[in-house]
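The values are calculated or read from the model by the stated rules, or taken from the named source; none is laboratory data. All values reported here derive from a predicted model rather than from experimental measurement. Because the Cβ atoms are built from the backbone with ideal geometry, glycine has one as well, and the counts that use them run over all protein chains shown.
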Ligand code: SF4
């Protein structure tokens, strides 16, 4: 199977915690107002690549992985296969961006097959009126960071807390004083 790829960017810090390798895929039908990359809507904007080769390239970086676009759900079967290969060969953490909501995806059995291999889903369309620079890893405040595996396990949406990935030292600071992570009171 092949997948339409716009680009693969290593060591990004904006598509999830830590240094990640992000795969930007072509194809999206959400047409969000204010989308920063409307050329990505066209599946032909990307270059067709063999999924096994893409998986090897992503794994070779040694970094955790983010699926972005476009909307990866536009190539649902390809991303399902890609995530499956990655998880079979590694314990890489996978984030996935989509314009669909988690609830919409749950109604699609094919999407569920992909979600089983996704750690965090950043869901929902970009809403220009809700655009904010003060939220982590998202463009607008309607979008959620969803801990997919916990959500599937308990049967309700569990929001992923970025705080969980802060260093133990910062976590210690937070326990001492919730008012500011930057002010240690140890
Ligand atoms: S889902 Fe993302 S890529 Fe698609 S139109 Fe919306 S902002 Fe653009």
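Only residues that are farther than 16 Å from residue 73 by Cβ, more than 9 Å from the ligand (Cβ to nearest atom) and assigned to a loop (DSSP other than H, G, I, E, B): list them for segment 16-33, please. Answer for segment 16-33, where residues must be farther than 16 Å from residue 73 by Cβ, more than 9 Å from the ligand (Cβ to nearest atom) and assigned to a loop (DSSP other than H, G, I, E, B): 16, 17, 18, 19.
Scan segment 106-122 for residues that are within 12 Å of the chain's Cα centre (by Cα) and assigned to a loop (DSSP other than H, G, I, E, B) and the total you get is 3. For residues in segment 1-15 being closer than 23 Å to residue 123 by Cβ and in a strand (DSSP E or B), which is nearest to the ligand (Cβ to nearest atom)? Top of the filtered list is 6.
Being within 18 Å of residue 6 (Cα to Cα), in contact with a strand residue (DSSP E or B) (Cβ under 8 Å, 6 or more places away or on another chain) and assigned to a helix (DSSP H, G or I) is the filter here; which residues of segment 47-105 pass it? Matches in segment 47-105: 51, 54, 57, 58, 72, 74, 75, 78, 79, 82, 83. Taken as a whole, the condition of being in contact with a helix residue (DSSP H, G or I) (Cβ under 9 Å, 6 or more places away or on another chain), crowded, with 21+ Cβ neighbours inside 10 Å and either without any contact (Cβ under 8 Å) to a residue 40 or more places away in the chain or over 27 Å from residue 162 (Cα atoms) (or both) does not apply to residue 69. The residues on offer are 151, 132, and the sole one that is touching a helix residue (DSSP H, G or I) at 6+ places or on another chain (Cβ under 8 Å), farther than 16 Å from residue 16 by Cα and either at pLDDT below 95 or surrounded by 14 or more Cβ atoms within 10 Å (Cβ to Cβ) (or both) is 151.
The residues on offer are 39, 56, 104, and the sole one that is surrounded by fewer than 21 Cβ atoms within 10 Å (Cβ to Cβ), free of Cβ contacts under 8 Å to residues at least 24 places away in the same chain and within 25 Å of residue 161 (Cα to Cα) is 104. Considering only residues in segment 154-183 that are in a loop (DSSP other than H, G, I, E, B) and modelled with pLDDT of 95 or more, the one that is nearest to residue 19 (Cα to Cα) turns out to be 160. Residues in segment 72-92 that are touching a residue at least 60 places away in the same chain (Cβ under 8 Å) and surrounded by fewer than 18 Cβ atoms within 10 Å (Cβ to Cβ): 77 alone.
If you go through segment 123-138 and keep only what is free of Cβ contacts under 8 Å to residues at least 40 places away in the same chain and closer than 15 Å to residue 30 by Cα, you end up with 123, 124.
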